[in-house]
Each structure stands twice: as C-alpha cells, then as structure tokens.
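Everything on this sheet refers to the single structure shown next.
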Protein chains: 4
Amino acid sequence: MTKGRVEAFSDGVIAILITIMVLELKVPHEPTLESLRPLLPIFLGYLLSFLYLGIYWNNHHHLFQAAKHANGAVMWANLHLLFWLSLVPFATTWVGENPAASAPTAIYGVLLLGTAIAYMIMQATLVRAQGNDQTLQRALGSDFKGKLSPLLYVLGIGSSFVAPWLGQLFYVSVALIWLVPDRRIERELIHRKSDLS
Amino acid sequence: MTKGRVEAFSDGVIAILITIMVLELKVPHEPTLESLRPLLPIFLGYLLSFLYLGIYWNNHHHLFQAAKHANGAVMWANLHLLFWLSLVPFATTWVGENPAASAPTAIYGVLLLGTAIAYMIMQATLVRAQGNDQTLQRALGSDFKGKLSPLLYVLGIGSSFVAPWLGQLFYVSVALIWLVPDRRIERELIHRKSDLS
Amino acid sequence: MTKGRVEAFSDGVIAILITIMVLELKVPHEPTLESLRPLLPIFLGYLLSFLYLGIYWNNHHHLFQAAKHANGAVMWANLHLLFWLSLVPFATTWVGENPAASAPTAIYGVLLLGTAIAYMIMQATLVRAQGNDQTLQRALGSDFKGKLSPLLYVLGIGSSFVAPWLGQLFYVSVALIWLVPDRRIERELIHRKSDLS
Amino acid sequence: MTKGRVEAFSDGVIAILITIMVLELKVPHEPTLESLRPLLPIFLGYLLSFLYLGIYWNNHHHLFQAAKHANGAVMWANLHLLFWLSLVPFATTWVGENPAASAPTAIYGVLLLGTAIAYMIMQATLVRAQGNDQTLQRALGSDFKGKLSPLLYVLGIGSSFVAPWLGQLFYVSVALIWLVPDRRIERELIHRKSDLS
C-alpha cells in the first residue's frame, strides 16, 4: 500500500516537472519560421531533461516493480530524490538561455549528480526495506550504469569550466547510456517466474 | 502492473497539458465584454487543442483497455508520444496569437503530424508486446482513421503557406473525424465476451 | 476500468485547476501586512472557486461511486464538464481584479451555468450507461439542487448588470446550498446494503 | 473507495504545490555562479516548504493507512486542509523575497498554524468516521507532536515581529521535530498483526 502511494506520488511530480519545463518555450514575437531559431538551445535543453526525467521514471518503475515492501524511510528517500528532480527545470532553463556559459552547464551537472546520488540512496533504502527477500537485490546485479553515471557527471562538471559543450556532451552521453532501459530487473523477474513453474 | 503505471502517468501528463494551455487565456485589462473579443482566436485554439488532447486520451484509454501486457519498449514509445503532445500548448498559443500567419499554423500541423506518428509507433509497440494474444490486433482492424489523419495533416501543413485558414480547416476536420470515439475496440471486446459465453 | 480512469483523470484536472488559481495570488511588492489588503478580492474569488471545484469533485465522486459502468459517451461528457471547469480560473482572476465591474461577474456566472449544464449532461449520460441497473437513477432522486442551481446562476448573471455584488451574492448562495454534501447517494447505497442483508 | 480517491486527490494537489513553488526560483540574468547568491533565501524557503509538504504527505499517508473508512465529512475536512496547504507557496515566495521583514514571516507562520489546525480537524473527522473500530484512535496515541506544533507556530508568529530570523527558527524547528516520521502508526499496525497471528 505504501509502495503504491509512493509510485503514484512520484508519477505525479515527474509528470508535472516534465510539463512545467515546456512552459519555458516562450512563443516568439514574430510569426515566422526564422524566429524559432533562437529557441533551439532551449528546445534541446528541454529534450535532454525530458529524456532524463523519462529515464528516472522508467528506472523508478522497474525498481518498485521488483520491490514488495516500502516503509517510512523509503518515503523520505524518495522525497529526497524528487527534491533534486524538481530543480532540474530551473537548470534546464538557465543552460538553455546560456548554452555557451560555464556556470549554468556546471550547475546542470551538479543537479544531475545530486539526483543520481539521491537515487542510489533511495535504491539502497528500498533494498533494506525488503528484509530477507533478495529478489530486488539480485535484480539490481552489479549496477554498473548506476556507478558509472556519477563519475561521468563529475567529469562533465569539471569540463564545463574548460568548454561548456564538452560538459554538455558528457550529460548527453549518460542519457544515451541509460536510454537502453533497465532490462536487468525485467529479466530477473521473468527468470524467477520460470523457476517457479 | 507496467500497464497501469503507463496509463496513470499518461493521464497525469495529459491532464496537466490541458490545464496549462488555459493559462494562456490572459485576463483582459478592461473589465468589459468587448475586451474579450481579441481573446477569441486564442480561445478557439484552446478549444481545438483541448479536443485533440481529449481524443488522444480517449483513444489511449481504449487502446490500453484492449491490451493485457506492457513492457519497457511500450514505456518509451509512450514517453515519445507524450513528448510530442507536450509541445502542443506552445503551438496552440503561437497560432492563437497569430491566426492569420502561415508559420504558426504550419508548425501546429507539424506537431499534430509528429504526435500522430508517435501514436502509431506506440500502438505498434503495444501490439508487439501482446505476443501471441491477438485481441488488440484484431480490435484495431484496418485503422482507417489512423492512416487518413497523417495525410490530412500534411495537406494542412502545405495549405498553411497558401492560406492559414485552409490549413486550420484541415486540422479541425481531423478532430471532427476522431470525435466519433474509437468504438472498434469497445465492439471487439463486447464481441469477445459474447464468444466466451 | 473505464470508470476508474475517468475518475483518476478528473481528479488530476481538478487538482491542477485548484492549484493553478492560487498562482494568481501575486506576492505584494511591499513586505507589510497592509500591502495584503488589495489582494483581498482576489483571495475571496479564489476561496469561492475553490469551494466550487471542491463541490464538483465531491459530487463527481459520489456520482461515480453509485455507478457501475462507464463508456465512451461518458468519457466525452466528462471531458465536456472538465472543459467548462478549466475556464473557471480565468473568470476567477478577472472578477478578483475587477470585483465592482459587471462584465467579469456576469462571465463568471456564465461559466458556472455552463459547468452546471455540462454536469447535468454527464449525469444523464452516466445514468444511461447503467442500462437496466437503477441504483444510480434512484440515488439521484428528484435532484432538486441540480435543478435550482442553473436558475440561480441565470438570476446572478442578470443581477450582475444591475449590481455586481448582487450577482456575486447569488453565486455564493449556490455554493452554500451545495456545501451540504450530496448525501442522497450515500444514503441510497447504505439502504441498498441493508436490503441485501 | 472514498478513501482511495481522497488519497489520490491529495497526492495530486500536494505534488502540484511542490512543483509550483520551484517556479519561483527564477533563472538569474547573468550566467555566473555569483548571480545565484541572491536566490539563496528563496531556495531555502523552497527547501523548508518542500519539507513541510513532504511531512504532510507522509503523515497523511500514515493516517489513511490506519483508517478503513472515509465519508463525505472526511472529504470536506481534507479539502479544508488542502486549501491551507495551497496557500503555502504564496507565503514561501513572499518570505523568500523578504527574509528580513516581519510581515511575510508572520504570515508564513499563520498559514502553518492554519494548516496544522486543519489537519487536526481532518484527523478527528477521520477517527469519527471509523465508528467502533479503534485501530486508528489507538495508533494516534497522545499525538504529542500534533499538540506541540501549533504552540510553536504561535511563538514563531509572535517572534517574527521581534526578529524575523527567530520566527523562522521556530518554523525550522517544528519541521525537524516532524522529520522523524510518524512511526506510531506503523508500530501499531505491526503490533496488531502480531496479535492476530
């Protein structure tokens, strides 16, 4: 029951964050196709952040699908994750308006890093909440992507002060790595079922 | 379970998009009935986009009602659909502020076309996710409306550069075609039930 | 299943409308208590519209609780209701900014009237969707409040052109009439249960 | 059934309130790290209000988890709570923009006080709705925190007129007291289960 409400609440927050970002795509004053061009960096920023929110929503779903229990600690660890996610639209707009500046790109990376760490904490809290049931733990496996991402974010943040586009390239790369959905858990669940039959 | 969360998330995003659009109906400075007149094109644009979002919500529901399974691929195909839908408010405002200009009307059509294609991809992904179960496939039948709409959008986009009102007429026509809800699936489900009894 | 999704979608839209209205309570420039005074009419408008949205949410819930089936026609009748509700924040802001003007007060009433009519249509559509099951029909009874409200809205709209405060008084009165929740349906459901036992 | 819809609706409103507040974090004009500094008080205000909304969501969930029934009175008591919560973003922005002024800090406390009282009313209404079932009543125990908080809010409101930072300190303290989640109910439910086995 707690599990269901955590999922529903997270769905709600992520759905709102996704649609709030699009409000920053301000309609141009001139009704011409050329006037759309200055919107391009803001649009690309929206696209990248949409991907990130989609990835988190996807992984969040797979994670909770493999979990049987949730408790108060999971609720707070999840709120902590949502807090970091809620700051993404801010950084998205800032970097979209200043794609060639270092500070916004670095801050965007700091938020991605904070979100990634919050996700790891939440995942660990959820695993602990399962008690002796090891399905989730086993499904997560080595969590290679989860460990690689923070490293790439740190490299991206550092690169931002050398060349913003390099930092942005790091963030795009991590998104692409994750776009392949987290099939580990799906596989494990199917595996479990065939064990039972 | 995945199916339920995809439905809930889509409901959330579509509900937010619908209400975000209404924020563009800015209160007039003068408290007179005449001062509402300049809002008319924006209101009509809101009405049309509300209809489109309602149509997509309706068809989305009927589609998933006939489906038994969803997987990671469906989740991403659905996010892709939501991405296109999320851009509709932007184009709605732009066309509402410039109803007599070509570019906004054309862009509105491009977004409708992108949304329609994303829906077709999602539908195909969902059919594939059903494996050997053919209920959904059969329920969809020839999908005549689904194939006609993109053609009409393309004609609408082209017409926008001749006369914006002609392009808008195409978009209104497609909405009217779809307003008749997608009864195919309801019929098929009832049919199935009577087969079983 | 259709019923559940109509309820969830309506909850989403109403929840967003309620919170969107509060965005019109713009923070005053001066950090003093006196600077809150000009916000009073906007606050009162928010309070009244919050009540109306709460009433609709409440009655919507009770209505669907007594229903067993929903279909495509109910989905569209419900979207039609949500369309009218979605315009309430617009009129709320307008009347809040111009509490002594006729046009905004009249338009507010027109929207309340439209919403009430849309609710009646939706209710009738839902009753029809129940087929031979008369629980919902019986639970609704004479629907006295539902028939009185449109009349009072019309009187309110007319009065707005004589004295806006008189029109507003009508709208407040209807809200107070409805604040007593729609116990008819609760009563009928309890009645039914005791019949069965 | 009523219970489930009250929970879903509350989740929706709280999720939207949380994300609406973040819209007040306006992107700075300069793309430099120093330009983020003036945002700090607004950010801290957001953080505090996020915590409060998280606490209410958490306690709301635990409360309803222990409840078996809800009725029309609970629905209205809950809407009353949501009304007070919906005003929190307004006060958050005001205090964030004027952290050294008395009035915004006092108003923030008034809203926290109103919310706390609304929660107490809702809790009592929910307990009454359980009839003879005493699980919820017993789970709530002495409700020490619930009784302490309003007192601290009153002290905070008073202190605001002496020194705003002192009032703010009171509000932060209450949040910290509540951050320890309401384990009473979880404990009681576990207790009950072991009684049954």
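The values are calculated or read from the model by the stated rules, or taken from the named source; none is laboratory data. Values in this document were obtained by computation on a predicted structure and should not be read as measured data. A quick note on method: Cβ atoms are made from the backbone with ideal geometry, for glycine too, and the neighbour counts reach across all protein chains shown. We work out accessible area using only protein heavy atoms, side chains counted, and drop any ligands, DNA or RNA first. Shrake-Rupley method; radii C 1.70, N 1.55, O 1.52, S 1.80 Å.
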Please report, in debye to the nearest 20, how large the charge dipole of the protein assembly as shown is about its Cα centre when each Lys and Arg carries +1 at its beta carbon and each Asp and Glu carries -1 there. 2220 debye
Given axes a ≥ b ≥ c from the Cα gyration tensor, I'd like to know whether the protein assembly as shown is rounded (a/c under 1.5), prolate (a/b larger than b/c) or oblate. rounded
Modelled FRET efficiency - R0 56 Å, B:Glu34 with D:Leu47, Cβ distances, 0.05 increments: 0.75
Could you give the accessible area per residue of the protein assembly as shown, probe 1.4 Å, as a whole number in Å²? 41 Å²
Enter the mean number of other protein chain beta carbons within 10 Å of the beta carbon of each residue in A:98-111, as an integer. 2
How far apart are the C:Leu47 label points across copies, placing each 7 Å from Cα toward Cβ, in nm, shortest first? 3.5, 3.5, 5.0
Taking beta carbons within 10 Å but only from partner chains, what does the mean come to for residues C:24-35? 5
Given only helices, namely DSSP H runs of n ≥ 4 each adding -39500 (n - 2.57), what is the per-residue ellipticity at 222 nm of the protein assembly as shown, to the nearest 500 deg cm²/dmol? -26000 deg cm²/dmol
Of all accessible surface on segment D:70-114 at a 1.4 Å probe, what whole percent is carbon and sulfur? 71 percent
Solvent-accessible area buried by A and B, counting both chains, probe 1.4 angstrom, square angstrom: 3000 Å²
Restraint check, A:Lys68/C:Lys68; A:Lys26/B:Lys147; B:Lys145/C:Lys3; A:Lys68/D:Lys147; D:Lys68/D:Lys147, Cα-Cα greater than 28 Å: A:Lys68/C:Lys68; A:Lys26/B:Lys147; A:Lys68/D:Lys147
Rounded to the nearest Å, the spacing of the alpha-carbon centers of segment B:15-67 and segment A:57-81 is 34 Å
Inter-copy distances for B:Ser35, label 7 Å out on the Cα-Cβ vector, sorted ascending, nm, one decimal, are 2.4, 2.4, 3.4
Give me the one-decimal nm value for the distance between modelled label points at B:Leu166 and C:Asp133, 7 Å along each residue's Cα-to-Cβ direction. 5.2 nm
Taking the Cα centre as origin and putting +1 on Lys and Arg beta-carbons and -1 on Asp and Glu beta-carbons, what dipole magnitude results for chain A, to the nearest 20 debye? 620 debye
Show log10 I(q)/I(0) for segment C:75-120 at q = 0.27, 0.29, 0.33 Å⁻¹, two decimals, from a solvent-free Debye sum over equal Cα scatterers. -0.87, -0.94, -1.09
Mean Cβ-within-10 Å packing, highest first, puts peptides D:20-26, A:72-78, D:139-145 in the order A:72-78, D:20-26, D:139-145
Average beta-carbon neighbours from other chains, 10 Å sphere, peptide B:89-97: 4
With the 8 Å Cα cutoff and a minimum separation of six or more residues, segment D:55-188 has a relative contact order in percent of 34 percent
Using the Cα centre as the reference, give the magnitude of the dipole from point charges on the C-beta atoms of segment C:1-64 (Lys, Arg: +1; Asp, Glu: -1; all else neutral), rounded to the nearest 20 debye. 200 debye
So for segment C:42-95, using the alpha carbon gyration tensor with a ≥ b ≥ c as root eigenvalues (a/c under 1.5 gives rounded; past that, a/b versus b/c decides prolate or oblate), I'd call it oblate
Given springs between every Cα pair under 10 Å in a Gaussian network model of chain C, which of C:His62, C:His29, C:His80 has the largest fluctuation? C:His29
For D:Leu169, inter-copy label distances in nm, listed shortest first [label point 7 Å out on the Cα-Cβ vector]: 5.2, 5.2, 7.3
